[in-house]
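Q: Dropping a structure here in structure tokens format, bear with me for questions.
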Amino acid sequence: MIFAWGCEKERDTTFLITQNKVGKLERGSLARDVELIFAADSVAKDTTMLNLANKAQRIRILEKGGQLLLTLTPSSDSIPIIENVRIEDPRFLTEKGVGIQSTFKDIKEKHKIKKIITSMNNILVLLKDSDAYFTISKEELPSSLRYASSVNIEAVQIPDKAKIKYMMIGWD
């Protein structure tokens, strides 16, 4: 009798977004460790802020070929940690397969929506089961909802085909 175990193929997590990780980056990662975490990639810090306060306002992570992967925003603590992650590359997906090239239909079918916040030009879609949130431009909405800033927009009013403008991960 032959037994085979350990045959399950290990999952590539390079572009996986989970509750506590975005690819190689973990919740609680220190801003000063970003260059170590992304040693195989290029790290570009906001030079104007580096000169002013010796702290980068934004840190961009680029693949060696120049493709923008992530934009990181550190906290303003005395020992800054990565607080916000903007997903720039379509290869990054949640465990349920949602990324920046997904539509609102994909979001609502694969995740539970916690809240929808209306702003002047966009709507924010917050999830119950994830720290990820999505920005959808009001240009994706029916014309009757585009210019009303005080109207609370419900999920049923957002077209299934509405495209994602930004995908962010907010760790606090």
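The values are calculated or read from the model by the stated rules, or taken from the named source; none is laboratory data. From a predicted model like this one, the values you see are computed outputs, not experimental measurements. Don't worry about glycine lacking a Cβ; one is built from the backbone with ideal geometry, like all the others, and counts go over all protein chains shown.
Q: Would you confirm whether any residue within segment 136-146 is touching a residue at least 40 places away in the same chain (Cβ under 8 Å), touching a Lys or Arg at 6+ places or on another chain (Cβ under 8 Å) and surrounded by fewer than 18 Cβ atoms within 10 Å (Cβ to Cβ)? It would help to see each step written out before you state the result.
A: Let us first name the residues in segment 136-146 that are touching a residue at least 40 places away in the same chain (Cβ under 8 Å), namely none.
No.
Okay, residues lined up against (1) touching an Asp or Glu at 6+ places or on another chain (Cβ under 6 Å); (2) outside any strand (DSSP E or B):
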{"residue": "Gln57", "(1), (2)": "yes, yes"}
{"residue": "Ser76", "(1), (2)": "no, yes"}
{"residue": "Asn84", "(1), (2)": "no, no"}
{"residue": "Val98", "(1), (2)": "yes, yes"}
{"residue": "Val125", "(1), (2)": "no, no"}
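Q: Let me ask you something else. Taking Ile153 as meeting all but one of (1) loosely packed, with under 13 Cβ neighbours inside 10 Å; (2) modelled with pLDDT under 95; (3) part of a loop (DSSP other than H, G, I, E, B), write down the number of the exception.
A: Ile153 satisfies all of (1) loosely packed, with under 13 Cβ neighbours inside 10 Å; (2) modelled with pLDDT under 95; (3) part of a loop (DSSP other than H, G, I, E, B) except (1).
Q: With respect to the numbered conditions (1) buried (at least 17 other Cβ atoms within 10 Å of the Cβ); (2) free of Cβ contacts under 8 Å to residues at least 40 places away in the same chain; (3) within 17 Å of Leu16 (Cβ to Cβ), which one is the sole condition not fulfilled by Pro90?
A: (1)
Q: Read through the list (1) buried (at least 16 other Cβ atoms within 10 Å of the Cβ); (2) in a strand (DSSP E or B), then give the number of the only condition that Lys114 fails.
A: Unmet for Lys114, out of (1) buried (at least 16 other Cβ atoms within 10 Å of the Cβ); (2) in a strand (DSSP E or B): (1).
Residues are listed down the side, and each one gets a yes or a no for (1) modelled with pLDDT of 95 or more; (2) touching a Gly at 6+ places or on another chain (Cβ under 9 Å); (3) among the basic types (Lys, Arg):
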| residue | (1), (2), (3) |
| --- | --- |
| Gly6 | no, no, no |
| Lys9 | no, no, yes |
| Ser42 | no, yes, no |
| Asn54 | no, no, no |
| Gly66 | no, no, no |
| Asn84 | yes, yes, no |
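Q: Kindly indicate which of Thr73, Thr103 is surrounded by 15 or more Cβ atoms within 10 Å (Cβ to Cβ) and without any contact (Cβ under 8 Å) to a residue 40 or more places away in the chain.
A: Details: Thr103 fails: without any contact (Cβ under 8 Å) to a residue 40 or more places away in the chain.
None of the other options fit; the residue is Thr73.
Q: Which residue, of Thr118, Thr103, is touching an Asp or Glu at 6+ places or on another chain (Cβ under 9 Å) and more than 18 Å from Trp171 (Cα to Cα)? Step through it out loud before you land on a result.
A: Working: Thr118 fails: touching an Asp or Glu at 6+ places or on another chain (Cβ under 9 Å).
That would be Thr103, the only listed residue that is touching an Asp or Glu at 6+ places or on another chain (Cβ under 9 Å) and more than 18 Å from Trp171 (Cα to Cα).
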